[in-house]
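Student: I have a structure here, written as structure tokens, and I will follow up with some questions on it.
The values are calculated or read from the model by the stated rules, or taken from the named source; none is laboratory data. All of these numbers come straight from a predicted model, not from anything done at the bench. Virtual Cβ from ideal backbone geometry, glycine too; neighbours counted across all protein chains shown.
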Amino acid sequence: MKNTYSIFAIAVALLFLAGCATRYIDPRVSFIDQNLSHDIDVIQVSSRVNQGGLMEMQFTGFNNKSFDKNIEYRIEWLDQSGFAIKTITTKWTRYFVNKKSEFRISQVGPNKKASDFRVQFRYAR
Amino acid sequence: MKLKVSTLFGTLAAIFALSGCTSTTTNINMQDDRGAAVMGLDYRDFQNAASEAVQSMLMSGAVSKPDGSRYVLAISRIINDTQQHIDTDQLIKKIRVELLQSGKVVVTTAVSANGAEDAMSYQARELRDSDEFNQGTVAKKGQMIAPELSLSGKIIQRNVRVNSSKQQVEYYFQLTLTDINTGLAFWEGETVIGKRGSNRSVAW
């Protein structure tokens, strides 16, 4: 009987810990619609400089909901001083994500001055 | 008195009716336009097509010169094969501006498929031998830079009937970047924009 209690207590503790598992947060990623931040898990945000000297970024996310979702994203490129670089690619872009699926969004910086970026998400309007 | 009251009432009714018909003009928020899509091509479609083309060009490395300098690009023919009256510069200008700002490409306005875009490069050379101009300030011979790359393309429209009340219009933005020296296409891209709407909407 004591064993049963112990197993039950461990199971409860595990469930509790799983619920409290910290989600990966990247300061370069923000969600305009707060509810969307619960639906999309940030898996990884990576960047590299390509052969042409331009910075490339890739966002990997996961739609943890059981239904497909239309979202919009916007990537803003910043120079070394943190100033935004004006480019036609900084615009709200519609994107379809499948339920319970991983997805990737990638973009290349507009010029060699681009050394950082910010990604914003919101529900599709 | 009866006539006056009825005339006044009639005039007021007419004013109200007319004021109800006037629609207010609003400015479009170009950064975040939430207006409904149209069956024809609007600025958002050109922006999307240009943005996708530039991203693809920059990612492919086709415009990255091995020695780090800039390619000289000439604009060739962009064919409008749609039912709409389109100034193809609506697309090409956006691409040019973005490529110029990338630091990878510089566009020549002295050579294009339709002749020089800016005739001044040639007209200014006619000042040679003119006593009125300081010849030291006149453009010298052999100073113009010949293009290395050429950008050509086509915009195609295809109408598909979905059912008796709906139609689908597909727009294809096809672009090719050719190495003038070898005649080989360094980069090619296509952006498809599809719209589905009422048969009564006109796409031209």
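Student: Does A:E56 qualify as being among the acidic types (D, E), assigned to a strand (DSSP E or B), within 10 Å of chain B (Cβ to nearest Cβ) and farther than 28 Å from B:R34 by Cβ?
Tutor: yes
Student: Moving on to the next point. Going through A:I32, A:I75, A:I40 one at a time, which residue ends up being surrounded by 12 or more Cβ atoms within 10 Å (Cβ to Cβ) and either within 25 Å of B:G61 (Cα to Cα) or among the acidic types (D, E) (or both)?
Tutor: Unique residue meeting the criteria: A:I75.
Student: Moving on. When residues of the range B:162-204 are filtered for being hydroxyl-bearing (S, T, Y), modelled with pLDDT under 95 and not in a loop (DSSP other than H, G, I, E, B), how many remain?
Tutor: Of the residues in the range B:162-204, 1 are hydroxyl-bearing (S, T, Y), modelled with pLDDT under 95 and not in a loop (DSSP other than H, G, I, E, B).
Student: If you go through the range B:34-43 one residue at a time, do you hit one that is under 17 Å from the mean Cα position of the chain (by Cα), modelled with pLDDT of 95 or more and of a type in the set (S, T, Y)?
Tutor: There is no residue in the range B:34-43 that is under 17 Å from the mean Cα position of the chain (by Cα), modelled with pLDDT of 95 or more and of a type in the set (S, T, Y).
Student: On to the next question. Quick check on my filter: what residues within the range B:50-96 are without any contact (Cβ under 8 Å) to a residue 24 or more places away in the chain, buried (at least 18 other Cβ atoms within 10 Å of the Cβ) and more than 9 Å from chain A (Cβ to nearest Cβ)?
Tutor: Within the range B:50-96, just B:R96 meets the criteria.
Student: Now a separate question. I'm checking my understanding of the structure. Among residues of the range A:44-53 that are surrounded by fewer than 15 Cβ atoms within 10 Å (Cβ to Cβ) and touching a Gly at 6+ places or on another chain (Cβ under 8 Å), which one is farthest from the other protein chains (Cβ to nearest Cβ)?
Tutor: Residue satisfying both the conditions and the ranking: A:G53.
Student: Just checking, does the range A:58-65 include any residue being in contact with a helix residue (DSSP H, G or I) (Cβ under 9 Å, 6 or more places away or on another chain), among the hydroxyl-bearing types (S, T, Y) and surrounded by 15 or more Cβ atoms within 10 Å (Cβ to Cβ)?
Tutor: Looking for residues that are in contact with a helix residue (DSSP H, G or I) (Cβ under 9 Å, 6 or more places away or on another chain), among the hydroxyl-bearing types (S, T, Y) and surrounded by 15 or more Cβ atoms within 10 Å (Cβ to Cβ), one finds none in the range A:58-65, hence no.
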